1. What is the ratio of the Cα radius of gyration of region B:1-123 to 2.2 N^0.38 Å, with N the residue count, to two decimals?
2. Under 11 Å from the 7 Å Cα→Cβ point of B:Asp24, by amide nitrogen: which residues of region B:78-107?
3. Need one number: the % of Cα-Cα pairs in region A:301-369 sitting beyond the 20 Å mark.
4. For an R0 of 35 angstrom, estimate the FRET efficiency from the Cβ-Cβ distance between A:Lys377 and A:Thr185 and round to the nearest 0.05.
5. I'd like the projected area of region A:251-352, averaged over all directions, using the convex hull of its alpha carbons. Report it in nm² with one decimal.
6. Could you give the semi-axes, largest first, of the ellipsoid that matches region A:92-169, computed as the square roots of 5 times the alpha carbon gyration tensor eigenvalues and rounded to whole Å?
7. For region A:48-196, taking Cα atoms only, what is the radius of gyration to one decimal and the Dmax to the nearest whole Å?
8. Quick check of the Kirkwood formula: for region A:27-85, what is the inverse mean of 1/r over all pairs of different Cα atoms, in Å?
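Each reported figure results from applying straightforward, stated rules to the coordinates on display, with no laboratory input. Computed from a prediction, not measured in an experiment: that's the story for all the values here. FYI the Cβ positions are ideal-geometry reconstructions off the backbone, even for glycines, and counts take in every protein chain you see.
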Amino acid sequence: MTGSTLLVLSVGLPWALAAALALLDGRRAWVGWLAAAGLAASFVSTVALGFRVFREGPVEVVMGGWPEGVGIVLRADLLGVVFAAVSVGVILASLAYEVLVGVRSRTFPALILFVAAGLSGLCLTGDIFNFYVFFEISMTAAYVLAGYREQDYQVRGAFIFAVVNLLGSVLFLIAVAALYHVTGTLEMQAVAEEARDVNPNSLITIAATIFVAFSLKLGLFPFHFWLPAVYVGSHASVAAILSGALANIGNYGLLRFGGYILSEELRIGAVAVLILGSTSIVYGALQAVSRHETTEVLAYSAIGQVGYILVALGIGGPIGFSAAVIYAVVNSLNKALLFLVARLRGSLVGAAFAVGAFSVAGVPPAAGFVSKIAVFKAGLAADGVGWAVALVALIFLGSALSFVYMFQVYQRLFLAREPQGSYPKEKTSPRAARALVIALAALVLVVGFWPEPLLVLSEEAAAALTGSTGGGS
Amino acid sequence: MILAVSLVVATVFGSGAFLVLQRDIFRVVVGLVLISNSAFLFIIAAGLTRGAPPILSLPEGEAVSDPLVQAMALTALVISSSVVALLLSLIYRIYTSHDTVDLSVLSEVEMRDAEALEREEDPEREEEPKEEPGQEELEEGPR
């Protein structure tokens, strides 16, 4: 198969299937498995596309048979493919989990597929307006998903989620229009080239707007207010998708727009980015330590983890960007694993949770160690000894605090003699669901033991960002 | 012209922001509609050029107005109207279960739920068995 076929398949397959499945009753198991099969096919094609991009360079398709420069472009470079594969993989795991415990809504599989279609689309598009359209596709599906199971608190959470993120989307839309106004084009490469000749005074406002829009989606420190309310209430598989896959919109968007299109403005604003990231790390960790409920701890932990990605982004350059990619990938896996495992009971579930906890805290055998090391290295590469020392100290502090809160949760869930909470210990969860989370935990361990592929991928992905803009800082 | 357009965009955005900060969640959604509309105006303003209609075949040597901004505004309009429809249905769902659309009442309920969470009760687990009694016949497949 050619690269362009693979590219169209990765985006188009979940999309077409989602439209078809929306007509069927998603509560039937076969519909769920059909959706999972389609998603798996899209995942395989994304991975195959990734191999091709890795060997032969970026793949580009102009949609609708238009000549180049006129039609809308789908463009797969390594950064996009890595994020698309991770997001679709996490969504696939969550969908399989939900089908195993039993889907309770007609539309659930179709909505999940829409989220996947939007996410892989926005990672593989080469057009900033299409980026907006794709992320609205997945966000809109996610608004509905946040209310999945329709408990009152979940519907309220969905409302908060939709209102706040709609505001973020509008801000991003305004920034897209402004970018179009100053550069006269919507194609990412052309925008990046044109932006170098534009007066930074007008671009810095646009960059700040984009930064705020993505920070709202990520739940970064001053924009985090909505995040706990949504994550705590939502159902396990939905929470895994929100924090494991949907947050990648923010991660990828910040890397693509900050590291590639507006790289000069990111360099100007680096100090602000570093300070916000550091505040996020400390704030998230401290709040997480003070909380009791598992999902609440995980929600605040998500705020803290985003901070590391932002710090890596603020340091910039090939080292910083590749650290951000590694951290985002590992963080997606961790969050998916932890949210899925938190409500299960039975043998080996505790072990799977412990692996996730180790990974968040950055303890060696788990993948989190690799990502923490990458951020450490990036911290040492920061300009000036003062910054380097402060950042490394901060990262160490954050890791220590995350160790504390993760094991508080572990103790409460799996070691306490009387299992607290209304869910009795005798009632073990379905074996297949447990097998799934154990497989996820094994994946986290494998990445930790054999990190070379991830390291090479992230370096190449960062090179895709900095190489074409002339080396970064 | 630039001043006039920016004043209009600012006024629409400002009134939208004012409504978003109200207590009534219905007004919040109307405010969001206004804010999205200010974004559409901004898109149109980003490529506001006067010229012949951009339809093939293009007139020779004459300025053509920019079709791209209109396409963008139209796309964004469709997206925002569907999201607003979704938000309105969420409001209706909240209204049917809480009998109110007042944020202060809703946040009181939220506080009560949060306290329940602090006592480590898991409301979802408790309420699950009650809903949808016809579950069994649908779950034959996976076992």
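1. Numbers: Rg = 21.5 Å, N = 123, 2.2 N^0.38 = 13.7 Å.
So the Cα radius of gyration is 1.57 times the expected 2.2 N^0.38 Å.
2. So the set is B:101-102.
3. Details: 757 of 2346 pairs.
Across region A:301-369, Cα pairs with separations above 20 Å total 32 percent.
4. Working: r = 36 Å, r/R0 = 1.04.
Efficiency, rounded to the nearest 0.05: 0.45.
5. Values: hull surface 27.4 nm².
Taking the Cα atoms of region A:251-352, their convex hull projects to 6.8 nm² on average.
6. Details: eigenvalues 109, 61, 10 Å².
They are 23, 18, 7 Å, listed largest first.
7. Computed over the Cα atoms of region A:48-196, radius of gyration and Dmax are 17.6, 52 Å.
8. Evaluated over region A:27-85, this radius sits at 13.2 Å.
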